[in-house]
């Protein structure tokens, strides 16, 4: 065989290498400039497709008999089919689930989600898994296939009702209890409070108070504040939370109330904002990056609107320059934050 017979195969290999480099540059620079966001799993899929097509084309151009080419291609096809079939429930399944979650926009970085026993905020999306930060600041990696197959509770960004339960004896009128619970919900900044009477037990009535929380990121701290306010409000009004079936070894008269002595209310040095920021530092950073990228997209839309609606050339030039400056500042901030994020991951 002459070396020139391998010219076609060599050319295919060179073209594949060039296309891979060009695709990486495109995804790393062009898309980042356009939206302030890269798509690594898109790049991986494109690279895999280019290499796969290049392999089949290179084999087809080899200077060997057609029968041998057919056998090689058949073996490769069988191997590829076997890999896809064997990994469809894991790798391919998770990859397809990751793409589906992206397209459906069920939740995004910074959102509060509940999955099985896990409660936390989303910090990162991957092609195979989704990362969630818990209130302990630890991280949980959830396979995307599980998130698609099972129910995921997402806390609405526009506001959500938080709730808490308490059992009160039958000797207290339900109107008095409902008024006290609504007052407790109002004290912690919840709006539109209301009370459900959930169950009538043999010894007590179970009440559940609801209140609308407008700032979804404070969900955990506000739930704790609600329980604290319920304790204070009920005790201040002389309402016992202890069940009438309470058993105590001390000699107490039947009219002894199980209410602690009043203490001076002290304002905690660490407010709710500090607690949430400490617990969900990475989730807050991910949410902030997501918002910056959305702002860049809005500026792109504004540029297009200026181009189409403004007739005066000088006015159009001034407006576009102003928007471009804002966009550049946002892109610089995004690049800086992503660099810090990468450095933390490397540490």
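The values are calculated or read from the model by the stated rules, or taken from the named source; none is laboratory data. Given the structure is predicted, the values throughout are model-derived calculations rather than measurements. Note: ideal-geometry Cβ built from the backbone for every residue, glycine included; neighbour counts use all protein chains shown.
Restricting to the stretch 103-135, name every residue that is out of contact with any strand residue (DSSP E or B) (no Cβ under 9 Å at 6 or more places or on another chain), surrounded by fewer than 19 Cβ atoms within 10 Å (Cβ to Cβ) and at negative phi.
Matches in the stretch 103-135: 103, 104, 117.
When residues of the stretch 179-204 are filtered for being crowded, with 17+ Cβ neighbours inside 10 Å, more than 32 Å from the chain's Cα centre (by Cα) and not in a helix (DSSP H, G or I), how many remain?
Counting residues in the stretch 179-204 that are crowded, with 17+ Cβ neighbours inside 10 Å, more than 32 Å from the chain's Cα centre (by Cα) and not in a helix (DSSP H, G or I) gives 1.
For residue 183, indicate whether it is modelled with pLDDT of 90 or more, out of contact with any strand residue (DSSP E or B) (no Cβ under 9 Å at 6 or more places or on another chain) and either on the phi < 0 side of the Ramachandran plot or not assigned by TED's automatic domain parsing to the domain that holds residue 118 (or both).
no
Consider residue 236 carefully, then state whether it is under 39 Å from the mean Cα position of the chain (by Cα) and either surrounded by fewer than 18 Cβ atoms within 10 Å (Cβ to Cβ) or at pLDDT below 70 (or both).
Answer is no for this residue.
Under 8 Å between Cβ atoms, which residue pairs at least 6 apart in sequence (or on different chains) link something in the stretch 318-340 that is without any contact (Cβ under 8 Å) to a residue 24 or more places away in the chain with a partner that is exposed (fewer than 14 other Cβ atoms within 10 Å of the Cβ) and assigned to a helix (DSSP H, G or I)?
320/307
Take the residues in the stretch 68-102 that are exposed (fewer than 11 other Cβ atoms within 10 Å of the Cβ) and modelled with pLDDT of 80 or more; name whichever of them is nearest to residue 141 (Cα to Cα).
Selected residue: 81.
Would you confirm whether any residue within the stretch 241-249 is modelled with pLDDT of 90 or more, in contact with a helix residue (DSSP H, G or I) (Cβ under 7 Å, 6 or more places away or on another chain) and farther than 29 Å from residue 139 by Cα?
Scanning the stretch 241-249, I find no residue that is modelled with pLDDT of 90 or more, in contact with a helix residue (DSSP H, G or I) (Cβ under 7 Å, 6 or more places away or on another chain) and farther than 29 Å from residue 139 by Cα, so the answer is no.
Quick check on the stretch 205-219: of everything there that is in a helix (DSSP H, G or I) and touching a helix residue (DSSP H, G or I) at 6+ places or on another chain (Cβ under 7 Å), which residue is nearest to residue 108 (Cα to Cα)?
The qualifying residue nearest to residue 108 (Cα to Cα) is 217.
Looking at (1) in contact with a strand residue (DSSP E or B) (Cβ under 7 Å, 6 or more places away or on another chain); (2) surrounded by fewer than 21 Cβ atoms within 10 Å (Cβ to Cβ), which is the only condition residue 207 fails?
Going through the list (1) in contact with a strand residue (DSSP E or B) (Cβ under 7 Å, 6 or more places away or on another chain); (2) surrounded by fewer than 21 Cβ atoms within 10 Å (Cβ to Cβ), residue 207 breaks only (2).
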